[in-house]
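The values are calculated or read from the model by the stated rules, or taken from the named source; none is laboratory data. Predicted model, so just to flag it, every value in this text is computed and none were measured. Glycine also receives a Cβ, built like all others from the backbone with ideal geometry; neighbour counts cover every protein chain displayed.
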Amino acid sequence: MSTGLIALLDDIAALAKVAAVTLDDAAAQATKAGAKAAGIVIDDAAVTPRYAVGFAAARELPIVAKIAWGSLKNKMLFLLPGALLFSAFAPWAITPLLMIGGLYLCYEGFEKVLEMVVPHGDDAPAPDPLAASPADAAALESLRVAGAIRTDFILSAEIMAIALSTITAPSIWTQALILAVVGIGITALVYGAVALIVKADDVGLALAQSSRPVTGLGHVMRGRPTELELREPAAIDRVVSRLTQPIGRGLVFGMPYFLKVLSLVGTLAMLWVGGGIVVHGLAGYGLAGIEHAIHAAAVAIAALVPPVKAATEWLATALASGVVGLALGGAVFLVMHYGVEPILNRGGAARGH
(Lines give C-alpha, C1' and ligand atoms only; values in the text may rest on other atoms or scores of the structure.)
Protein backbone atom coordinates (compact mmCIF):
# COMPACT_ATOMS: atom_id res chain seq x y z
CA MET A 1 0.00 0.00 0.00
CA SER A 2 1.40 3.41 -0.95
CA THR A 3 2.45 5.96 1.67
CA GLY A 4 -0.05 8.49 0.24
CA LEU A 5 -2.96 6.08 0.68
CA ILE A 6 -1.92 5.30 4.26
CA ALA A 7 -1.74 9.03 5.04
CA LEU A 8 -5.19 9.50 3.49
CA LEU A 9 -6.64 6.69 5.63
CA ASP A 10 -5.03 8.22 8.72
CA ASP A 11 -6.63 11.57 7.88
CA ILE A 12 -10.02 9.92 7.38
CA ALA A 13 -9.69 8.11 10.71
CA ALA A 14 -8.75 11.36 12.46
CA LEU A 15 -11.71 13.15 10.89
CA ALA A 16 -14.01 10.32 11.96
CA LYS A 17 -12.77 10.63 15.54
CA VAL A 18 -13.32 14.39 15.50
CA ALA A 19 -16.80 13.88 14.06
CA ALA A 20 -17.62 11.29 16.72
CA VAL A 21 -16.43 13.58 19.51
CA THR A 22 -18.42 16.46 17.99
CA LEU A 23 -21.58 14.35 17.76
CA ASP A 24 -21.15 13.13 21.34
CA ASP A 25 -20.64 16.71 22.50
CA ALA A 26 -23.65 17.89 20.48
CA ALA A 27 -25.82 15.13 21.95
CA ALA A 28 -24.73 15.98 25.50
CA GLN A 29 -25.32 19.71 25.00
CA ALA A 30 -28.68 19.05 23.31
CA THR A 31 -29.75 16.99 26.33
CA LYS A 32 -28.62 19.75 28.69
CA ALA A 33 -30.39 22.42 26.64
CA GLY A 34 -33.60 20.37 26.51
CA ALA A 35 -33.55 19.87 30.27
CA LYS A 36 -32.98 23.61 30.79
CA ALA A 37 -36.12 24.36 28.77
CA ALA A 38 -38.22 21.73 30.60
CA GLY A 39 -40.47 24.29 32.28
CA ILE A 40 -41.53 25.80 28.97
CA VAL A 41 -42.00 22.31 27.51
CA ILE A 42 -44.43 21.53 30.35
CA ASP A 43 -46.30 24.75 29.65
CA ASP A 44 -46.41 24.03 25.91
CA ALA A 45 -47.84 20.56 26.55
CA ALA A 46 -50.35 22.03 29.00
CA VAL A 47 -51.54 24.84 26.72
CA THR A 48 -51.92 22.96 23.41
CA PRO A 49 -54.67 20.37 24.19
CA ARG A 50 -57.31 23.07 24.62
CA TYR A 51 -57.02 23.98 20.94
CA ALA A 52 -58.33 20.51 19.95
CA VAL A 53 -61.06 20.32 22.60
CA GLY A 54 -64.64 20.50 21.33
CA PHE A 55 -64.05 19.21 17.80
CA ALA A 56 -65.21 15.85 16.46
CA ALA A 57 -62.97 13.00 17.58
CA ALA A 58 -61.86 12.38 13.99
CA ARG A 59 -60.44 15.94 13.77
CA GLU A 60 -58.45 15.94 17.03
CA LEU A 61 -55.29 14.23 15.77
CA PRO A 62 -55.25 16.15 12.44
CA ILE A 63 -55.47 19.41 14.42
CA VAL A 64 -52.58 18.36 16.67
CA ALA A 65 -50.59 17.33 13.58
CA LYS A 66 -51.17 20.75 11.94
CA ILE A 67 -50.05 22.57 15.09
CA ALA A 68 -46.99 20.30 15.42
CA TRP A 69 -46.01 20.98 11.79
CA GLY A 70 -46.43 24.72 12.35
CA SER A 71 -44.33 24.46 15.51
CA LEU A 72 -41.57 22.63 13.67
CA LYS A 73 -41.55 25.27 10.91
CA ASN A 74 -41.40 28.01 13.57
CA LYS A 75 -38.30 26.43 15.04
CA MET A 76 -36.46 25.28 11.91
CA LEU A 77 -37.25 28.05 9.41
CA PHE A 78 -37.36 31.15 11.61
CA LEU A 79 -36.08 30.69 15.14
CA LEU A 80 -33.02 28.51 14.47
CA PRO A 81 -31.53 30.85 11.80
CA GLY A 82 -32.44 33.87 13.92
CA ALA A 83 -30.76 32.37 16.98
CA LEU A 84 -27.59 31.64 15.01
CA LEU A 85 -27.52 35.19 13.61
CA PHE A 86 -27.83 36.66 17.09
CA SER A 87 -25.13 34.31 18.36
CA ALA A 88 -22.76 35.30 15.53
CA PHE A 89 -23.39 39.06 15.28
CA ALA A 90 -25.13 40.21 18.47
CA PRO A 91 -24.46 37.76 21.31
CA TRP A 92 -24.98 40.61 23.78
CA ALA A 93 -28.67 40.69 22.75
CA ILE A 94 -29.44 37.09 23.79
CA THR A 95 -29.77 37.82 27.54
CA PRO A 96 -32.05 40.88 27.09
CA LEU A 97 -34.23 38.94 24.66
CA LEU A 98 -34.42 36.05 27.11
CA MET A 99 -35.44 38.46 29.87
CA ILE A 100 -38.12 40.06 27.68
CA GLY A 101 -39.46 36.59 26.92
CA GLY A 102 -39.31 35.76 30.63
CA LEU A 103 -41.37 38.87 31.43
CA TYR A 104 -43.90 37.81 28.81
CA LEU A 105 -44.19 34.38 30.46
CA CYS A 106 -44.65 36.06 33.86
CA TYR A 107 -47.36 38.30 32.39
CA GLU A 108 -49.19 35.35 30.82
CA GLY A 109 -48.90 33.36 34.04
CA PHE A 110 -50.20 36.27 36.13
CA GLU A 111 -53.21 36.68 33.82
CA LYS A 112 -54.03 32.98 34.20
CA VAL A 113 -53.76 33.20 37.99
CA LEU A 114 -55.94 36.34 37.95
CA GLU A 115 -58.53 34.51 35.85
CA MET A 116 -58.58 31.67 38.41
CA VAL A 117 -59.05 34.09 41.32
CA VAL A 118 -61.36 36.61 39.60
CA PRO A 119 -63.11 34.90 36.65
CA HIS A 120 -64.30 37.21 33.89
CA GLY A 121 -68.08 36.98 33.94
CA ASP A 122 -68.60 38.92 30.72
CA ASP A 123 -66.77 36.53 28.41
CA ALA A 124 -68.90 35.30 25.51
CA PRO A 125 -69.28 31.52 25.29
CA ALA A 126 -66.97 29.89 22.81
CA PRO A 127 -68.64 28.62 19.62
CA ASP A 128 -69.39 24.90 19.56
CA PRO A 129 -67.61 23.29 16.58
CA LEU A 130 -69.89 20.23 16.75
CA ALA A 131 -73.00 22.40 16.33
CA ALA A 132 -71.57 24.48 13.49
CA SER A 133 -71.92 23.87 9.76
CA PRO A 134 -69.01 22.09 8.03
CA ALA A 135 -67.78 25.39 6.57
CA ASP A 136 -67.98 27.16 9.92
CA ALA A 137 -66.30 24.24 11.69
CA ALA A 138 -63.45 24.28 9.14
CA ALA A 139 -63.03 28.04 9.56
CA LEU A 140 -62.99 27.69 13.36
CA GLU A 141 -60.45 24.89 13.09
CA SER A 142 -58.21 27.10 10.96
CA LEU A 143 -58.50 29.93 13.50
CA ARG A 144 -57.69 27.57 16.38
CA VAL A 145 -54.66 26.15 14.58
CA ALA A 146 -53.39 29.63 13.66
CA GLY A 147 -53.83 30.80 17.26
CA ALA A 148 -52.01 27.75 18.59
CA ILE A 149 -49.10 28.27 16.20
CA ARG A 150 -48.81 31.94 17.24
CA THR A 151 -48.71 30.94 20.91
CA ASP A 152 -46.22 28.20 20.09
CA PHE A 153 -43.96 30.75 18.37
CA ILE A 154 -43.44 32.63 21.65
CA LEU A 155 -42.83 29.46 23.65
CA SER A 156 -40.58 28.02 20.94
CA ALA A 157 -38.57 31.25 20.83
CA GLU A 158 -37.94 30.91 24.56
CA ILE A 159 -36.98 27.23 24.15
CA MET A 160 -34.50 28.00 21.37
CA ALA A 161 -33.06 31.02 23.22
CA ILE A 162 -32.59 28.99 26.41
CA ALA A 163 -31.02 26.18 24.39
CA LEU A 164 -28.66 28.64 22.69
CA SER A 165 -27.64 30.14 26.03
CA THR A 166 -26.42 26.71 27.23
CA ILE A 167 -24.37 25.84 24.12
CA THR A 168 -20.62 26.11 24.52
CA ALA A 169 -19.59 24.75 21.11
CA PRO A 170 -17.70 27.44 19.12
CA SER A 171 -18.61 26.06 15.68
CA ILE A 172 -21.76 27.55 14.16
CA TRP A 173 -22.50 24.20 12.49
CA THR A 174 -22.38 22.38 15.81
CA GLN A 175 -24.63 25.04 17.31
CA ALA A 176 -27.06 24.57 14.41
CA LEU A 177 -26.99 20.79 14.90
CA ILE A 178 -27.68 21.11 18.63
CA LEU A 179 -30.54 23.58 18.08
CA ALA A 180 -32.03 21.33 15.38
CA VAL A 181 -31.86 18.29 17.68
CA VAL A 182 -33.46 20.27 20.52
CA GLY A 183 -36.16 21.70 18.24
CA ILE A 184 -37.11 18.39 16.64
CA GLY A 185 -36.87 16.42 19.89
CA ILE A 186 -38.97 18.85 21.92
CA THR A 187 -41.58 19.15 19.16
CA ALA A 188 -41.92 15.36 18.98
CA LEU A 189 -42.07 15.10 22.78
CA VAL A 190 -44.63 17.87 23.27
CA TYR A 191 -47.01 16.99 20.47
CA GLY A 192 -46.68 13.25 21.00
CA ALA A 193 -47.78 13.86 24.59
CA VAL A 194 -50.56 16.18 23.41
CA ALA A 195 -51.83 13.54 20.98
CA LEU A 196 -51.96 10.98 23.80
CA ILE A 197 -53.76 13.45 26.06
CA VAL A 198 -56.48 14.46 23.58
CA LYS A 199 -57.21 10.83 22.62
CA ALA A 200 -57.05 9.38 26.13
CA ASP A 201 -60.79 9.82 26.76
CA ASP A 202 -61.65 8.08 23.46
CA VAL A 203 -59.33 5.20 24.33
CA GLY A 204 -60.89 5.05 27.79
CA LEU A 205 -64.41 4.94 26.36
CA ALA A 206 -63.44 2.14 23.97
CA LEU A 207 -61.88 0.13 26.79
CA ALA A 208 -64.85 0.70 29.10
CA GLN A 209 -67.36 -0.47 26.47
CA SER A 210 -65.41 -3.42 25.10
CA SER A 211 -66.18 -6.89 26.44
CA ARG A 212 -63.72 -8.41 23.95
CA PRO A 213 -60.45 -6.50 24.49
CA VAL A 214 -58.31 -9.35 23.09
CA THR A 215 -60.20 -11.17 20.32
CA GLY A 216 -62.10 -8.06 19.30
CA LEU A 217 -58.98 -6.05 18.52
CA GLY A 218 -58.23 -7.76 15.24
CA HIS A 219 -61.83 -7.56 14.03
CA VAL A 220 -62.04 -3.85 14.80
CA MET A 221 -58.75 -3.18 13.00
CA ARG A 222 -60.07 -5.08 9.95
CA GLY A 223 -63.31 -3.07 10.04
CA ARG A 224 -65.59 -6.05 10.85
CA PRO A 225 -66.77 -5.47 14.44
CA THR A 226 -70.36 -6.64 13.66
CA GLU A 227 -69.23 -10.26 13.11
CA LEU A 228 -67.88 -10.30 16.64
CA GLU A 229 -71.10 -9.04 18.23
CA LEU A 230 -72.80 -12.35 17.43
CA ARG A 231 -70.25 -14.36 19.41
CA GLU A 232 -69.79 -14.90 23.10
CA PRO A 233 -66.66 -13.32 24.58
CA ALA A 234 -63.79 -15.78 24.84
CA ALA A 235 -62.41 -16.80 28.23
CA ILE A 236 -59.36 -14.58 27.81
CA ASP A 237 -61.66 -11.62 27.01
CA ARG A 238 -63.63 -12.15 30.21
CA VAL A 239 -60.40 -12.21 32.24
CA VAL A 240 -58.73 -9.24 30.57
CA SER A 241 -61.89 -7.10 30.46
CA ARG A 242 -62.02 -7.18 34.27
CA LEU A 243 -58.84 -5.10 34.11
CA THR A 244 -59.37 -3.01 30.96
CA GLN A 245 -62.94 -1.87 31.66
CA PRO A 246 -62.11 -0.25 35.04
CA ILE A 247 -59.05 1.36 33.43
CA GLY A 248 -61.26 2.72 30.67
CA ARG A 249 -63.81 4.11 33.11
CA GLY A 250 -60.96 5.63 35.11
CA LEU A 251 -59.62 7.40 32.00
CA VAL A 252 -63.06 8.76 31.05
CA PHE A 253 -63.69 9.98 34.59
CA GLY A 254 -60.18 11.23 35.29
CA MET A 255 -59.16 13.04 32.11
CA PRO A 256 -61.15 16.27 32.78
CA TYR A 257 -59.46 16.53 36.19
CA PHE A 258 -56.08 15.67 34.67
CA LEU A 259 -56.45 18.47 32.12
CA LYS A 260 -57.27 20.93 34.91
CA VAL A 261 -54.20 19.84 36.87
CA LEU A 262 -52.09 20.05 33.70
CA SER A 263 -53.35 23.58 33.06
CA LEU A 264 -52.42 24.55 36.63
CA VAL A 265 -48.95 23.01 36.24
CA GLY A 266 -48.54 24.90 32.98
CA THR A 267 -49.39 28.18 34.69
CA LEU A 268 -46.94 27.49 37.51
CA ALA A 269 -44.30 26.54 34.94
CA MET A 270 -44.78 29.87 33.18
CA LEU A 271 -44.21 31.72 36.44
CA TRP A 272 -41.20 29.76 37.70
CA VAL A 273 -39.49 29.68 34.30
CA GLY A 274 -40.20 33.34 33.56
CA GLY A 275 -39.15 34.45 37.03
CA GLY A 276 -36.03 32.30 36.93
CA ILE A 277 -35.00 33.70 33.53
CA VAL A 278 -35.31 37.30 34.73
CA VAL A 279 -33.53 36.61 38.04
CA HIS A 280 -30.66 34.85 36.26
CA GLY A 281 -30.45 37.64 33.68
CA LEU A 282 -30.22 40.28 36.41
CA ALA A 283 -27.39 38.28 38.00
CA GLY A 284 -25.56 38.41 34.67
CA TYR A 285 -25.71 42.21 34.83
CA GLY A 286 -24.28 42.30 38.36
CA LEU A 287 -27.61 42.34 40.24
CA ALA A 288 -27.20 38.91 41.81
CA GLY A 289 -28.81 39.64 45.19
CA ILE A 290 -32.17 38.01 44.39
CA GLU A 291 -30.57 34.91 42.87
CA HIS A 292 -28.23 34.50 45.87
CA ALA A 293 -31.13 34.95 48.30
CA ILE A 294 -33.21 32.32 46.51
CA HIS A 295 -30.29 29.90 46.44
CA ALA A 296 -29.49 30.42 50.12
CA ALA A 297 -33.13 29.92 51.14
CA ALA A 298 -33.44 26.78 49.00
CA VAL A 299 -30.25 25.28 50.46
CA ALA A 300 -31.42 26.05 54.01
CA ILE A 301 -34.83 24.44 53.42
CA ALA A 302 -33.29 21.40 51.72
CA ALA A 303 -30.96 20.87 54.68
CA LEU A 304 -34.03 20.16 56.84
CA VAL A 305 -34.90 17.05 54.81
CA PRO A 306 -31.61 15.28 53.92
CA PRO A 307 -33.27 12.18 52.34
CA VAL A 308 -34.77 14.31 49.55
CA LYS A 309 -32.33 17.20 49.65
CA ALA A 310 -31.90 17.67 45.88
CA ALA A 311 -35.62 17.50 45.12
CA THR A 312 -36.46 19.88 47.98
CA GLU A 313 -33.83 22.38 46.87
CA TRP A 314 -35.19 22.33 43.32
CA LEU A 315 -38.77 22.70 44.55
CA ALA A 316 -37.87 25.59 46.86
CA THR A 317 -35.97 27.33 44.04
CA ALA A 318 -38.90 26.85 41.65
CA LEU A 319 -41.36 28.13 44.26
CA ALA A 320 -39.29 31.23 44.99
CA SER A 321 -38.79 31.88 41.28
CA GLY A 322 -42.54 31.48 40.81
CA VAL A 323 -43.25 34.08 43.51
CA VAL A 324 -40.83 36.49 41.79
CA GLY A 325 -42.49 35.66 38.46
CA LEU A 326 -45.94 36.37 39.87
CA ALA A 327 -44.78 39.76 41.19
CA LEU A 328 -43.12 40.63 37.87
CA GLY A 329 -46.20 39.50 35.95
CA GLY A 330 -48.40 41.68 38.15
CA ALA A 331 -46.15 44.67 37.52
CA VAL A 332 -46.24 44.12 33.74
CA PHE A 333 -50.02 43.67 33.92
CA LEU A 334 -50.44 47.03 35.66
CA VAL A 335 -48.16 48.77 33.17
CA MET A 336 -49.98 47.23 30.19
CA HIS A 337 -53.55 47.82 31.38
CA TYR A 338 -53.14 51.17 33.10
CA GLY A 339 -50.29 52.65 31.08
CA VAL A 340 -49.86 51.25 27.59
CA GLU A 341 -53.48 50.40 26.71
CA PRO A 342 -54.95 53.82 27.63
CA ILE A 343 -52.28 55.52 25.52
CA LEU A 344 -53.00 53.24 22.58
CA ASN A 345 -56.75 53.75 22.98
CA ARG A 346 -56.34 57.53 23.04
CA GLY A 347 -54.13 57.34 19.95
CA GLY A 348 -56.74 55.21 18.16
CA ALA A 349 -59.53 57.61 19.13
CA ALA A 350 -57.49 60.59 17.89
CA ARG A 351 -56.91 58.92 14.52
CA GLY A 352 -60.62 58.15 14.31
CA HIS A 353 -61.40 61.86 14.50
The stretch 74-101 residues that are among the basic types (Lys, Arg), paired with ones that are part of a helix (DSSP H, G or I) and at pLDDT below 90 (beta carbon under 6 Å, 6 or more apart): 75/156; 75/183
Cross-chain or 6+ apart pairs with Cβ under 6 Å, the stretch 181-197 first and touching a residue at least 40 places away in the same chain (Cβ under 8 Å) and of a type in the set (Gly, Ala, Ser), then buried (at least 19 other Cβ atoms within 10 Å of the Cβ) and in a helix (DSSP H, G or I): 183/75; 193/45; 195/64
Pair list, Cβ under 9 Å, 6 or more apart: the stretch 132-155 residue closer than 13 Å to residue 59 by Cβ and surrounded by 13 or more Cβ atoms within 10 Å (Cβ to Cβ), other residue among the basic types (Lys, Arg) and at pLDDT 85 or above: 141/66; 145/66
Hey, residue 77 under 19 Å from residue 151 (Cβ atoms) and buried (at least 17 other Cβ atoms within 10 Å of the Cβ) or not: no
Qualifying residue in the stretch 328-338 (condition: in contact with a Phe, Trp or Tyr (Cβ under 6 Å, 6 or more places away or on another chain) and either loosely packed, with under 15 Cβ neighbours inside 10 Å or closer than 25 Å to residue 49 by Cα (or both)): yes
In the stretch 166-187, residue nearest to the chain's Cα centre (by Cα) [restricted to those that are of a type in the set (S, T, N, Q) and part of a helix (DSSP H, G or I)]: 187
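Rundown of residues vs (1) hydrophobic (A, V, I, L, M, F, W, C); (2) modelled with pLDDT of 90 or more, yes/no style:
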| site | (1), (2) |
| --- | --- |
| 250 | no, yes |
| 291 | no, yes |
| 307 | no, no |
| 340 | yes, no |
Neighbours by Cβ (under 6 Å, 6+ apart or cross-chain): first from the stretch 201-212, at pLDDT 85 or above; second crowded, with 17+ Cβ neighbours inside 10 Å and assigned to a loop (DSSP other than H, G, I, E, B): none
Residue satisfying all of: in the stretch 229-245; within 9 Å of residue 211 (Cα to Cα) and at pLDDT below 80; surrounded by the fewest Cβ atoms within 10 Å (Cβ to Cβ) among these: 233
Qualifying helices (runs of 4 or more DSSP H) (wholly inside the stretch 269-353; at least 3 residues being in contact (Cβ under 8 Å) with a residue 40 or more places away in the chain, of a type outside the set (S, T, N, Q) and within 29 Å of residue 115 (Cα to Cα)): 309-335
Within the stretch 116-162, considering residues that are in a helix (DSSP H, G or I) and among the charged types (D, E, K, R), the one modelled with the lowest pLDDT: 136
